[in-house]
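Q: Starting off with a structure, shown below.
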Number of protein chains: 2
Amino acid sequence: MCIQLISAMVFDRLKIDRRTLLEYVGAAVFTPVLANAEEASSMWGMIAKMTIVPGKRDEMIDVLKQSAADMPGCLSYVVAKDAADANTIWVTEVWDSMASHDASLALPAVKNAIPRGKALIANFERIAVTTPVWGVGLAAAHAQ
Amino acid sequence: MCIQLISAMVFDRLKIDRRTLLEYVGAAVFTPVLANAEEASSMWGMIAKMTIVPGKRDEMIDVLKQSAADMPGCLSYVVAKDAADANTIWVTEVWDSMASHDASLALPAVKNAIPRGKALIANFERIAVTTPVWGVGLAAAHAQ
């Protein structure tokens, strides 16, 4: 699933109202791109750190796998365990555009993952929003 | 190039002696894996944040592209600009094993990048060492 929805799960649990959440997501996601018009058609990326309820990391990984397996425009989506912290998951994403990322919010598999994920995430930290510029393992058209 | 060598560039500039550097790299890279034998044959990942000398980010990206284009066992290597900070680069790596990552240290393209990179990196932060478990965009054998 895309990271905004994971973020939404956490904020919902923390009882932040929907309007505040949307403002938060809008500010964090859209501002950097709008501020830099030349990169509007570039790749879009995200690095996120999730702290999972103890004992639930593998279950959360299953949720992520099921929701993220078929998202149009997603060039890379890596789910990784932190090597030192048994309750931490890292998710790194690369999309062909921010528009593809935003469109993923409407995918049934993404929406369906929310109820499962809500109970598993203790904390969510958006480490960085990025503009990927090159990569091994990305689609050829974007890796040159 | 692999992240240890980037790290080495920075530590060299900071005048830390070679023995201290090797102990640092050894401790950071090997301890988590040795402490968890069941994952010895699993994928291996890294998330790193680099602060680049102002005005030199694109040059550093070129260095990374040239050094990392052909590294055996490298499943994903994404170079990304931070969307909010003009001097920051994020590098996220996924390897089929830690052994493949370690072997990349000896590649000529990696070794040759060191002198160029040394002058461009102001700071290096290893955000996480990871055990990737699933991913879109990884080699098929490792993505299931």
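Q: Collect the residues in the stretch B:107-122 that are within 10 Å of B:Met71 (Cα to Cα) and open to solvent by 30 Å² or more (accessible area, probe 1.4 Å), keeping them in residue-number order.
A: B:Leu107, B:Ala109
Q: Looking only at the stretch A:45-60, which residues are open to solvent by 10 Å² or more (accessible area, probe 1.4 Å) and facing chain B (nearest Cβ under 10 Å)?
A: A:Lys49, A:Arg57, A:Asp58 - these are the residues of the stretch A:45-60 that are open to solvent by 10 Å² or more (accessible area, probe 1.4 Å) and facing chain B (nearest Cβ under 10 Å).
Q: Among what's in the stretch B:61-86 and is surrounded by fewer than 24 Cβ atoms within 10 Å (Cβ to Cβ) and of a type in the set (D, E, K, R), pick the residue that is farthest from A:Ile47 (Cα to Cα).
A: B:Asp70
Q: Another question, then. Just a yes or no: is a residue in the stretch A:88-96 in contact with a Lys or Arg (Cβ under 9 Å, 6 or more places away or on another chain) and in a helix (DSSP H, G or I)?
A: Going residue by residue through the stretch A:88-96, those that are in contact with a Lys or Arg (Cβ under 9 Å, 6 or more places away or on another chain) are A:88-91.
Add one more test, that the residue is in a helix (DSSP H, G or I), and what stays is none.
Scanning the stretch A:88-96, I find no residue that is in contact with a Lys or Arg (Cβ under 9 Å, 6 or more places away or on another chain) and in a helix (DSSP H, G or I), so the answer is no.
Q: A further question on this structure: For A:Glu125, only one of the following conditions fails: (1) part of a loop (DSSP other than H, G, I, E, B); (2) surrounded by fewer than 15 Cβ atoms within 10 Å (Cβ to Cβ). What is its number?
A: The one condition A:Glu125 does not meet is (1).
Q: Got a sec? Which of B:Ala84, B:Ala119, B:Ala106 is more than 9 Å from chain A (Cβ to nearest Cβ) and without any contact (Cβ under 8 Å) to a residue 24 or more places away in the chain?
A: After applying the criteria, what remains is B:Ala106.
Q: Related question: Taking the residues in the stretch B:87-103 that are polar (S, T, N, Q) and away from chain A (no Cβ under 11 Å) as candidates, determine which candidate is farthest from B:Gly45 (Cα to Cα).
A: B:Asn87
Q: Out of B:Ile61, B:Ile52, B:Ile47, I need the residue that is modelled with pLDDT of 55 or more and over 14 Å from the mean Cα position of the chain (by Cα). Which one? Give the steps one after another, and end with the answer.
A: Details: B:Ile61 fails: over 14 Å from the mean Cα position of the chain (by Cα); B:Ile47 fails: over 14 Å from the mean Cα position of the chain (by Cα).
Answer to the selection: B:Ile52.
Q: So, one more: Against the condition in contact with a Cys (Cβ under 7 Å, 6 or more places away or on another chain) and under 23 Å from A:Lys65 (Cβ atoms), how does B:Trp134 come out, does it pass?
A: Spelling it out, it is not the case that B:Trp134 is in contact with a Cys (Cβ under 7 Å, 6 or more places away or on another chain) and under 23 Å from A:Lys65 (Cβ atoms).
The values are calculated or read from the model by the stated rules, or taken from the named source; none is laboratory data. These numbers come from a predicted model, not from an experiment. Methodologically, a virtual Cβ is constructed for each residue, glycine included, from the backbone with ideal geometry; neighbour enumeration extends over all protein chains shown. Only protein heavy atoms, including side chains, enter the accessible area calculation; ligands, DNA and RNA are left aside. Shrake-Rupley method; radii C 1.70, N 1.55, O 1.52, S 1.80 Å.
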